[in-house]
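Novice: Sharing a structure with you now.
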Amino acid sequence: METVSQLLESISDVGRDTARGGYSRPVYSTAELDLRGWFVEQAGRRGLEVETDRNGIIWAWWGAPQKGALVTGSHLDSVPGGGAFDGPLGVASALAAVDVLRQRGVQPNRSLAITVFPEEEGSRFGVACLGSRLLTGAIGPDKARNLRDADGNTFAEVSQGNGLDPEHFGRDEEALARIGDFVELHVEQGRGLGEEGPAIAVGSSILGHGRWKLTVSGQGNHAGTTLMQDRADPMVAAAQIIIAVQKSAAAQPDARATVGRLEPIPGGTNVIASRVQLWLDVRYPEDAVTGALVEAIHGKAQKIAAFEGCSVTLTEESYSGTVHFDAALQRQLENALPGAPVLATGAGHDAGVLAGYVPSGMIFVRNPTGISHSPEEHVEDDDADAGAGALADVLEGLL
Ligand code: GLV
Ligand code: MN
Ligand code: MN
């Protein structure tokens, strides 16, 4: 029987990013496919029956696939230069929890499945939780099929190259009916759990969050021959827009707004860009306030762009309102984990998407650095084992 840290150690070389640090494991990259292969192998070793559904979600079954099963799992894709735990901790803990349950001699009253969701981070095709959104119908199959990665490949093409039929993407009633309850274990992504005290928390809610693309258009030109007063430089507008994003969010208590990705086109040192794309991530508990904040940012961006002789467009890429996890399931998690604090999170999860359709809940494991989406994300071995034990306790109570 392997511990969670031994399981994670066995994939510690997969998708290491020597340039950015940490791991880059975009969905359906060699690294993520290697991790999927690793999961299938680990599930097989445990005698779990593995299937990949029509939306690319892997299911590993302890017991026959059935309606109303207990389901746990997470994701194996990462952000660029991410940590080792965001996603894989939940998958490895689910495998370890099955071992613990069997060692305890638990005889399940219903089947248990471990799931691996594709493109949770949205780091390749732009829409976070794409697998669970497709499963539930929260995104339409046409929109999903046409999403493109940075190289211009569509999600349909890439999925097809990995053995899926994109024509079969979309809400999957049968698969959804199989989820009686969903529990996702995840590394805690802030400083919600102190260094002393419990290493495990029960999730209560996920902050509403969305992504928008801003395209600033100007006049591409020569860096040497174009006088400063003759320029329509979208990079100069983009720089001011980023500051406006920061100021707008800082003026709204509890709001978070980030520009973490920016692409000048064509992107040459001696070239004034013709266009700049920047991606905006905004999070706030109330949809109406988020909407107003994004509109205010858009308004400021238009003024800035006009002043620089440029124009700007804003398009929504994805949105998830604030989620409160199922109250009855949360109570069951709290009862199974006495002394565990209850924590809200500002990070998105497949459990958040699923919560709109099936009872869902989360368990968080201490991250002593309080840093995530970064190589500095960390979980101590003992805490990881405590997490798998906690997941086993929760699953045992629900089986
Ligand atoms: C995913 O981790 C997100 O919160 O964006
Ligand atoms: Mn995650
Ligand atoms: Mn993440």
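Novice: Quick one: in the range 71-87, of everything that is among the β-branched types (V, I, T) and more than 11 Å from ligand 2 (Cβ to nearest atom), which residue is surrounded by the fewest Cβ atoms within 10 Å (Cβ to Cβ)?
Specialist: Let us first name the residues in the range 71-87 that are among the β-branched types (V, I, T), namely 71-72, 79.
Restricting the remaining residues to those that are more than 11 Å from ligand 2 (Cβ to nearest atom) gives 71-72.
Working: V71: 25, T72: 27.
If we take residues in the range 71-87 being among the β-branched types (V, I, T) and more than 11 Å from ligand 2 (Cβ to nearest atom), then V71 is surrounded by the fewest Cβ atoms within 10 Å (Cβ to Cβ).
Novice: For the range 299-354, which residues satisfy the criterion of being among the charged types (D, E, K, R) and under 23 Å from the mean Cα position of the chain (by Cα)?
Specialist: Step one: list which residues in the range 299-354 are among the charged types (D, E, K, R), which gives 300, 303, 308, 316-317, 326, 331, 334, 350.
Those that are among the charged types (D, E, K, R) and under 23 Å from the mean Cα position of the chain (by Cα): E316, E317, D326, D350.
Novice: Within the bounds of the range 336-346, is there any residue that is surrounded by fewer than 18 Cβ atoms within 10 Å (Cβ to Cβ) and part of a helix (DSSP H, G or I)?
Specialist: Within the range 336-346, not a single residue is surrounded by fewer than 18 Cβ atoms within 10 Å (Cβ to Cβ) and part of a helix (DSSP H, G or I).
Novice: Restricting attention to the range 154-161, does a residue exist that is more than 26 Å from W61 (Cβ to Cβ), within 16 Å of ligand 2 (Cβ to nearest atom) and not in a helix (DSSP H, G or I)?
Specialist: No, there is no match, as no residue in the range 154-161 is more than 26 Å from W61 (Cβ to Cβ), within 16 Å of ligand 2 (Cβ to nearest atom) and not in a helix (DSSP H, G or I).
Novice: Of the residues A60, A69, A64, which is more than 28 Å from A144 (Cβ to Cβ), among the small types (G, A, S) and more than 20 Å from the chain's Cα centre (by Cα)?
Specialist: Working: A60 fails: more than 28 Å from A144 (Cβ to Cβ); A69 fails: more than 28 Å from A144 (Cβ to Cβ).
When all the criteria are applied, what remains is A64.
Novice: Filter the range 60-70 down to residues that are buried (at least 21 other Cβ atoms within 10 Å of the Cβ) and in contact (Cβ under 8 Å) with a residue 60 or more places away in the chain and give me whichever is farthest from ligand 1 (Cβ to nearest atom).
Specialist: For the range 60-70, the residue satisfying everything is A69.
Novice: Can you list residue pairs whose Cβ atoms sit under 8 Å apart, with the first residue in the range 115-144 being within 27 Å of P65 (Cβ to Cβ) and away from ligand 2 (no atom under 16 Å from the Cβ) and the second being outside any loop (DSSP other than H, G, I, E, B) and modelled with pLDDT under 95? Count only pairs 6 or more apart in sequence or on different chains.
Specialist: As it stands, the answer is I139/S318, since those pairs meet every condition given.
Novice: Then there is this: Which residues, taken from the range 76-100, are more than 12 Å from ligand 1 (Cβ to nearest atom) and either more than 26 Å from S111 (Cα to Cα) or part of a loop (DSSP other than H, G, I, E, B) (or both)?
Specialist: Within the range 76-100, L76, P80, G81, A84 qualify.
Novice: Conditions first: (1) polar (S, T, N, Q); (2) free of Cβ contacts under 8 Å to residues at least 24 places away in the same chain; (3) within 16 Å of ligand 3 (Cβ to nearest atom). Q302 passes all but one, so which condition is the exception?
Specialist: Here Q302 clears every test but (3).
Novice: May I pose another question? Would you mind telling me which numbered condition in (1) loosely packed, with under 15 Cβ neighbours inside 10 Å; (2) in a loop (DSSP other than H, G, I, E, B) G309 fails?
Specialist: Condition (1) is where G309 drops out.
Novice: While we're on this one: Which number in (1) within 16 Å of ligand 1 (Cβ to nearest atom); (2) surrounded by fewer than 18 Cβ atoms within 10 Å (Cβ to Cβ); (3) of a type outside the set (F, W, Y) marks the one condition that I206 misses?
Specialist: (2)
Novice: When both residues are 6+ apart or on different chains and their Cβ atoms are under 7 Å apart, which pairs have a first residue that lies in the range 7-28 and is assigned to a strand (DSSP E or B), and a second that is among the acidic types (D, E) and surrounded by 14 or more Cβ atoms within 10 Å (Cβ to Cβ)?
Specialist: Going by the 7 Å Cβ cut-off, the qualifying pairs are Y23/D17.
Novice: For the range 118-143, what are the residues that are assigned to a helix (DSSP H, G or I) and either within 16 Å of ligand 1 (Cβ to nearest atom) or within 23 Å of L35 (Cα to Cα) (or both)? I'd like the intermediate steps shown before the answer.
Specialist: Filtering the range 118-143 for residues assigned to a helix (DSSP H, G or I) gives 130-136, 141-143.
Passing the criteria: L130, G131, S132, R133, L134, L135.
Novice: Given the residues A351, A336, which is the only one that is closer than 16 Å to L70 by Cβ and touching a helix residue (DSSP H, G or I) at 6+ places or on another chain (Cβ under 8 Å)?
Specialist: Working: A351 fails: touching a helix residue (DSSP H, G or I) at 6+ places or on another chain (Cβ under 8 Å).
Going through A351, A336 in turn, the sole match is A336.
Novice: So, in the range 222-270, how many residues would count as being within 31 Å of the chain's Cα centre (by Cα) and in a strand (DSSP E or B)?
Specialist: Qualifying residue count, the range 222-270: 10.
Novice: Which members of the range 1-47 meet the condition of being crowded, with 16+ Cβ neighbours inside 10 Å, under 26 Å from I371 (Cα atoms) and more than 20 Å from the chain's Cα centre (by Cα)?
Specialist: T3, V4, S5, L7
Novice: Moving on to the next point. Which condition number does I243 fail, the rest of (1) aliphatic (A, V, I, L, M); (2) at pLDDT below 95; (3) farther than 30 Å from V358 by Cβ being met?
Specialist: The number of the failed condition is (2).
Novice: I'd like to check something: does the range 64-72 contain any residue that is within 16 Å of ligand 3 (Cβ to nearest atom), of a type in the set (G, A, S) and in contact with a strand residue (DSSP E or B) (Cβ under 7 Å, 6 or more places away or on another chain)?
Specialist: No: the range 64-72 contains no residue that is within 16 Å of ligand 3 (Cβ to nearest atom), of a type in the set (G, A, S) and in contact with a strand residue (DSSP E or B) (Cβ under 7 Å, 6 or more places away or on another chain).
Novice: With the requirement that a residue be away from ligand 1 (no atom under 16 Å from the Cβ) and under 23 Å from Q189 (Cα atoms), what does the range 101-117 give you?
Specialist: Those that are away from ligand 1 (no atom under 16 Å from the Cβ) and under 23 Å from Q189 (Cα atoms): I114, T115.
The values are calculated or read from the model by the stated rules, or taken from the named source; none is laboratory data. Note that the structure is predicted; figures quoted are calculated from it, not measured. Virtual Cβ from ideal backbone geometry, glycine too; neighbours counted across all protein chains shown.
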